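Trainee: This is the structure, below, for whatever I ask next.
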Amino acid sequence: MKTKIENFLANLETEIDLLSLVDIDNIDMSNPFDSICEMIEDNNGFDIDVIYYSNAIDYLSKYDPSLRKSLAIAYDMGYTADNLNSEVLASLLKTENVKNDFYSLEDDINDFFRGIGRRRRRRLN
């Protein structure tokens, strides 16, 4: 079963390296998505750094050309103007985007683990 879980996590469409952040043996099978999210958060797996000015500008140009989203995130997190630059804004935005993309996988993750639970119960009966 561990191999099935590893394969499933490895094949999820996410920028997060799940296999290095998630301890498969400690996934709460009754609440797998939240359990996995907690492990990712505990290991700072949602924190994405965009380094180099050119990479930051490219990311912001593509995903937030007006800077409204990234500035709103920075404001919500308590940043002040003197703490901001393109790399910080791009990193905040990319972190938010990666987190939201991962959250969109919640149903797929929970369905997969429900399926494992059903197969496991059938074998035990």
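The values are calculated or read from the model by the stated rules, or taken from the named source; none is laboratory data. Since the model is a prediction, treat every value here as computed from it, not as a measurement. Cβ: placed from backbone, ideal geometry, glycine included. Neighbour counts: every protein chain shown.
Trainee: Show the residue pairs meeting these rules: Cβ distance below 9 Å; 6+ apart or different chains; first residue within segment 60-73 and on the phi < 0 side of the Ramachandran plot; second residue in a loop (DSSP other than H, G, I, E, B) and surrounded by 14 or more Cβ atoms within 10 Å (Cβ to Cβ).
Mentor: Leu60/Val50; Leu60/Leu67; Ser70/Asp64; Ser70/Leu84; Leu71/Asp64; Leu71/Tyr79; Leu71/Leu84; Ile73/Tyr79
Trainee: Report the residue count in segment 1-28 for those that are exposed (fewer than 12 other Cβ atoms within 10 Å of the Cβ) and either in contact (Cβ under 8 Å) with a residue 40 or more places away in the chain or in contact with a Phe, Trp or Tyr (Cβ under 7 Å, 6 or more places away or on another chain) (or both).
Mentor: Qualifying residue count, segment 1-28: 2.
Trainee: Right, another one. Pull up segment 39-84, narrow it to residues that are of a type in the set (Asp, Glu) and under 18 Å from the mean Cα position of the chain (by Cα), then point me to the one that is farthest from Asp28 (Cα to Cα).
Mentor: Per the criteria, the residue is Asp49.
Trainee: With the checklist (1) surrounded by 15 or more Cβ atoms within 10 Å (Cβ to Cβ); (2) farther than 13 Å from Ser91 by Cα in hand, flag the one item Glu41 doesn't pass.
Mentor: Only one criterion is unmet by Glu41, namely (1).
Trainee: Same structure, new question: If you scan segment 27-50, which residues turn out to be of a type outside the set (Val, Ile, Thr) and touching a helix residue (DSSP H, G or I) at 6+ places or on another chain (Cβ under 7 Å)?
Mentor: Scanning segment 27-50 gives Asp28, Met29, Pro32, Phe33, Met39, Asn43, Gly45, Phe46, Asp47, Asp49.
Trainee: Moving on. Restricting to segment 60-115, name every residue that is of a type in the set (A, V, I, L, M, F, W, C) and under 16 Å from Gly45 (Cβ atoms).
Mentor: Across segment 60-115, the qualifying residues are Leu92, Val98, Phe102, Leu105, Ile109.
Trainee: Quick one: would you say Met1 is modelled with pLDDT under 95, over 25 Å from Ser70 (Cα atoms) and in contact with a helix residue (DSSP H, G or I) (Cβ under 7 Å, 6 or more places away or on another chain)?
Mentor: So Met1 passes the test.
Trainee: Follow-up question, since we're still on this one. Among the numbered conditions (1) among the charged types (D, E, K, R); (2) surrounded by 14 or more Cβ atoms within 10 Å (Cβ to Cβ); (3) under 28 Å from Ile109 (Cβ atoms); (4) more than 15 Å from the chain's Cα centre (by Cα), tell me where Glu87 comes up short.
Mentor: (3)
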